[in-house]
Amino acid sequence: MASSPVGLIAQSDWRSKLAPLLPQSGQLAQVMETRPKFSMTEVRRRVMDVGGDQQVLQQMLSSAERGVAPQYDKRVKISEADFQRYLVIQQELQPNGKIVRLSVTRSSTQLTFGDAGGTALLRGIILDLVNGDMRFPEGFSAKPEALVITAAQAQAADDPLGPRSGYVWKVRGSNPTTQTALNGHFALLALSDGSVLISYNRNGILRGAVGTGNLILSFSRDGAAITSRER
C-alpha cells in the first residue's frame, strides 16, 4: 500500500480532500461485511484437462458462486492437495442488508460521531477538522495518514476493493492507572464507485473490561439514495 503522512500536505489541501469524505447527520449508510469469494478458474481448467466428472465440477462451481466453500470430491480426478492449491479464496466486502442512519454533530472545527441506532462503536469519536487529529472516548488520539491505492496497485494485488484514497488513523495507547487501553484502526476512504467507506475496528480495555468491535459502513458521497455496491 502506498501511503504518506498527512503532515506532508498543506492544511488547505488537507481540508479540501477531507470534506467530500465526511458524512452528513441523518445520512443513510449500508452496513458492510467481509465474505469469502472463491475463484474456481484454475480448478475448472485442471479438471477439464484430466476429464473429471462434469456434474460434480458444476456443483462445485455453483457452491463457489453462492459464496459457499466448495467441497473436494475425488471424482474430479485431481488430488485434494491440487484442489486446495488451485482454489483461490479472497475476502470480498458486501452489504449485509442492514441500513443505519449516521449521527454526527459538526462545528467549524470538529465533527463528533453519535449513535442514532446501529453505530454505537463510533459514538464519542471526535475528528478535529483543523489538524486532522482524531480523539477516541478512551482518552487516546491519533494523527491521520493519507492513503492512496491506484488502479494499477489494486489490480496487481487482486484487491477486491479496487482503487481508493482517503485517510486512516491508527490509535494505540494504554493507561494502567485507569485500566484503559486501545488498539484501533479508523478509515475514511473514497472508492471508485463514488461511495465512501467508514471502517473502525478496535481492541480495547475500558475500566478493566475487555472489548472488541468492528464496523464497516458505506454511504454515497453526494448524499443520494443508497444504490452503490448493493446487490
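The values are calculated or read from the model by the stated rules, or taken from the named source; none is laboratory data. What you see is a predicted model; the values in this text were computed from it and never measured. For neighbour counting, all protein chains shown are included, and Cβ atoms are generated from backbone atoms with ideal geometry for every residue, glycine included. In case anyone asks, the SASA skips ligands and DNA or RNA and just uses the protein heavy atoms, side chains included. Shrake-Rupley method; radii C 1.70, N 1.55, O 1.52, S 1.80 Å.
Numbers at a glance
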{"read-out": "Failed condition for Glu80, given (1) under 25 Å from Pro160 (Cβ atoms); (2) touching a Phe, Trp or Tyr at 6+ places or on another chain (Cβ under 7 Å)", "value": "(1)"}
{"read-out": "Options Val43, Val56, Val76; residue that is of a type in the set (A, V, I, L, M), free of Cβ contacts under 8 Å to residues at least 24 places away in the same chain, surrounded by 15 or more Cβ atoms within 10 Å (Cβ to Cβ) and over 28 Å from Ile216 (Cβ atoms)", "value": "Val56"}
{"read-out": "Within region 191-226, considering residues that are surrounded by fewer than 19 Cβ atoms within 10 Å (Cβ to Cβ) and in contact with a Pro (Cβ under 7 Å, 6 or more places away or on another chain), the one farthest from Trp14 (Cα to Cα)", "value": "Ser192"}
{"read-out": "Any chance Phe38 is within 30 Å of Val168 (Cβ to Cβ), in contact (Cβ under 8 Å) with a residue 40 or more places away in the chain, outside any loop (DSSP other than H, G, I, E, B) and touching a helix residue (DSSP H, G or I) at 6+ places or on another chain (Cβ under 9 Å)", "value": "yes"}
{"read-out": "Residue pairs meeting the criteria (Cβ under 9 Å; at least 6 apart or on separate chains; first in contact (Cβ under 8 Å) with a residue 60 or more places away in the chain and within 14 Å of Ile198 (Cα to Cα), in region 105-130; second among the basic types (Lys, Arg) and exposed (fewer than 13 other Cβ atoms within 10 Å of the Cβ))", "value": "Gly118/Lys98"}
{"read-out": "Any hit, region 31-38, residues being surrounded by 13 or more Cβ atoms within 10 Å (Cβ to Cβ) and over 21 Å from Leu191 (Cα atoms)", "value": "yes"}
{"read-out": "Within region 117-130, considering residues that are surrounded by 14 or more Cβ atoms within 10 Å (Cβ to Cβ) and not β-branched (Val, Ile, Thr), the one nearest to Asn214 (Cα to Cα)", "value": "Leu121"}
{"read-out": "Residue satisfying condition, being modelled with pLDDT of 90 or more, within 16 Å of Gln94 (Cα to Cα) and of a type outside the set (A, V, I, L, M), within set Ser195, Ser174", "value": "Ser195"}
{"read-out": "Leu93 under 30 Å from Arg135 (Cα atoms), open to solvent by less than 90 Å² (accessible area, probe 1.4 Å) and either without any contact (Cβ under 8 Å) to a residue 12 or more places away in the chain or touching a Ser or Thr at 6+ places or on another chain (Cβ under 8 Å) (or both)", "value": "yes"}
{"read-out": "Hey, Gly184 of a type outside the set (A, V, I, L, M, F, W, C) and either surrounded by fewer than 17 Cβ atoms within 10 Å (Cβ to Cβ) or not in a strand (DSSP E or B) (or both) or not", "value": "no"}
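Results for (1) on the phi > 0 side of the Ramachandran plot; (2) outside any strand (DSSP E or B); (3) out of contact with any helix residue (DSSP H, G or I) (no Cβ under 9 Å at 6 or more places or on another chain), shown as yes or no for each residue.
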position	(1), (2), (3)
Pro23	no, yes, yes
Gly26	yes, yes, yes
Met32	no, no, yes
Val56	no, yes, no
Ser63	no, yes, yes
Val68	no, yes, no
Tyr72	no, yes, no
Arg75	no, yes, no
